[in-house]
Amino acid sequence: MSSQSPSLSALMNILSHLIPPGFLRNRRGGTVKTPEEIAIMRQSSRIVATVLKELSDYVKPGMTTLDLDKYAEGRIRDMGATPSFKGYHGFPASLCTSINHEVVHGIPSRKKVIRGGDVLKIDTGAYFQGYHGDSCITLAIGEVSPDAAHLIDVAEKALYQGIAKVKAGAYLLDLAGAMQDHVEANGFKIVEEFTGHGVGRNLHEEPSVFNFRTYEIPNVKLRAGMTLAIEPIVNAGSKKTRVLGDRWTAVTVDNALSAQFEHTVLVTETGYEILTDRNLV
Ligand code: MG
Ligand code: MG
């Protein structure tokens, strides 16, 4: 993900106080969407939520991750959208499927059989009428260990702790701190090498929505109408990851488990709207 140098970030912070409000609208820290754009993003996000909800019922031990990908692509296209990920920088599939110690960007394959006890991350995006939605869930396949169940629970709650901080006038650091605190209070680690992002016309837009306290990534002030993909990744062991030879799949360096949840979220004056809320489908 893109990050600016700390000195440039500091300069931009000073400038933002000198320049009349609104001048930097759509120039720094991500675009503010119009009501028309937001209406479309509700639809693209709803398609994503529908696919993830259906997949959580569809998946069974013995299936391959390619089976899930075929199902998801069919459903995304049925609903009049195209898969956001397929072809994105050459990614070959509609889903990222990452199992156990795989952290993100796992490539669906007929060789990857899903087994009882697995911790399965499914991430997908849909592109509908010019706008993307993006969301990720972690599923416990069958019976998982108590430690795995706890990790999944902490990762999901971390996302909601971050979302709870979203409102116009809040800062990205508010979200990041809330997510990091929840994860570390439970003895786990936030991955720092991947961040969330703005989402809209492009799958990845400004700002970088970081999940941990940092001063090296611009601490953007949120404005009503911004749309953010918030996506903390939680590791049971080391926070460090490495990318496999397929140049996509990131895994934990110590083979410990990893879990992730993601929502596309609209910033409002009073709070937020979770556009990929599966309870709405
Ligand atoms: Mg995603
Ligand atoms: Mg994302």
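The values are calculated or read from the model by the stated rules, or taken from the named source; none is laboratory data. Since this is a predicted model, take the numbers as computed values, not measurements. All Cβ positions, even for glycine, are placed from backbone atoms using ideal geometry, and neighbour counts span all protein chains on display.
Residues in region 104-128 that are hydrophobic (A, V, I, L, M, F, W, C) and either within 10 Å of ligand 1 (Cβ to nearest atom) or touching a Gly at 6+ places or on another chain (Cβ under 6 Å) (or both): how many? Break it down stepwise before answering.
If we filter region 104-128 for residues that are hydrophobic (A, V, I, L, M, F, W, C), which is where we start, we get 104, 107, 113-114, 119-120, 122, 126, 128.
Retained after the next criterion (residues that are either within 10 Å of ligand 1 (Cβ to nearest atom) or touching a Gly at 6+ places or on another chain (Cβ under 6 Å) (or both)): 104, 122, 126.
Selection size over region 104-128: 3.
How about region 61-100: which of its residues are assigned to a loop (DSSP other than H, G, I, E, B) and under 23 Å from His204 (Cα atoms)?
Residues satisfying the conditions are Met79, Gly80, Ala81, Ser84, Phe85, Lys86, Gly87, Phe91, Pro92, Ala93, Ser94.
Working carefully through the options Arg27, Arg42, find the one that is modelled with pLDDT of 95 or more, closer than 18 Å to Val267 by Cα and either assigned to a loop (DSSP other than H, G, I, E, B) or charged (D, E, K, R) (or both). Don't jump to the end; show me each part of the working.
Values: Arg27 fails: modelled with pLDDT of 95 or more.
Criteria check complete, one pass: Arg42.
Any idea which of (1) within 16 Å of ligand 2 (Cβ to nearest atom); (2) closer than 18 Å to Ala49 by Cα; (3) touching a helix residue (DSSP H, G or I) at 6+ places or on another chain (Cβ under 7 Å) is the one Val281 doesn't satisfy?
For Val281, the exception is condition (1).
Does region 129-161 hold any residues that are within 16 Å of ligand 2 (Cβ to nearest atom) and in contact with a Gly (Cβ under 9 Å, 6 or more places away or on another chain), and which are they?
Tyr131, His132, Gly133, Asp134, Ser135
Can you name every residue in region 246-272 that is of a type in the set (Asp, Glu) and within 22 Å of Ile122 (Cα to Cα)?
Asp246, Asp254, Glu262
Residue check: is Val220 in contact with a helix residue (DSSP H, G or I) (Cβ under 7 Å, 6 or more places away or on another chain) and away from ligand 2 (no atom under 16 Å from the Cβ)? Before the answer, list the steps.
Details: in contact with a helix residue (DSSP H, G or I) (Cβ under 7 Å, 6 or more places away or on another chain): yes; away from ligand 2 (no atom under 16 Å from the Cβ): yes.
It is true that Val220 is in contact with a helix residue (DSSP H, G or I) (Cβ under 7 Å, 6 or more places away or on another chain) and away from ligand 2 (no atom under 16 Å from the Cβ).
Under 9 Å between Cβ atoms, at least 6 apart or on separate chains: pull out the pairs that start in region 184-213 with a residue that is free of Cβ contacts under 8 Å to residues at least 12 places away in the same chain and end on any residue that is away from ligand 2 (no atom under 14 Å from the Cβ) and not polar (S, T, N, Q).
Cβ pairs passing all conditions: Glu184/Ile190; Ala185/Val154; Gly187/Val154; Gly187/Ala236.
What do you reckon, is Val253 surrounded by fewer than 17 Cβ atoms within 10 Å (Cβ to Cβ), more than 19 Å from Ala176 (Cα to Cα) and in contact with a helix residue (DSSP H, G or I) (Cβ under 8 Å, 6 or more places away or on another chain)? Working first, answer last.
On the way: surrounded by fewer than 17 Cβ atoms within 10 Å (Cβ to Cβ): yes; more than 19 Å from Ala176 (Cα to Cα): yes; in contact with a helix residue (DSSP H, G or I) (Cβ under 8 Å, 6 or more places away or on another chain): no.
It is false that Val253 is surrounded by fewer than 17 Cβ atoms within 10 Å (Cβ to Cβ), more than 19 Å from Ala176 (Cα to Cα) and in contact with a helix residue (DSSP H, G or I) (Cβ under 8 Å, 6 or more places away or on another chain).
Exactly one condition in (1) within 19 Å of Ser84 (Cβ to Cβ); (2) surrounded by 24 or more Cβ atoms within 10 Å (Cβ to Cβ); (3) away from ligand 2 (no atom under 16 Å from the Cβ) is not met by Ser98; state its number.
That leaves (3) as the condition not met.
Would you mind stating whether Asn211 is surrounded by fewer than 19 Cβ atoms within 10 Å (Cβ to Cβ) and either at pLDDT 95 or above or closer than 21 Å to Phe85 by Cα (or both)?
No; evaluated as a whole, the condition is false for this residue.
Mind counting the residues in region 224-253 that are over 17 Å from Ile99 (Cβ atoms), of a type outside the set (S, T, N, Q) and touching a strand residue (DSSP E or B) at 6+ places or on another chain (Cβ under 8 Å)?
Number satisfying all stated conditions: 10.
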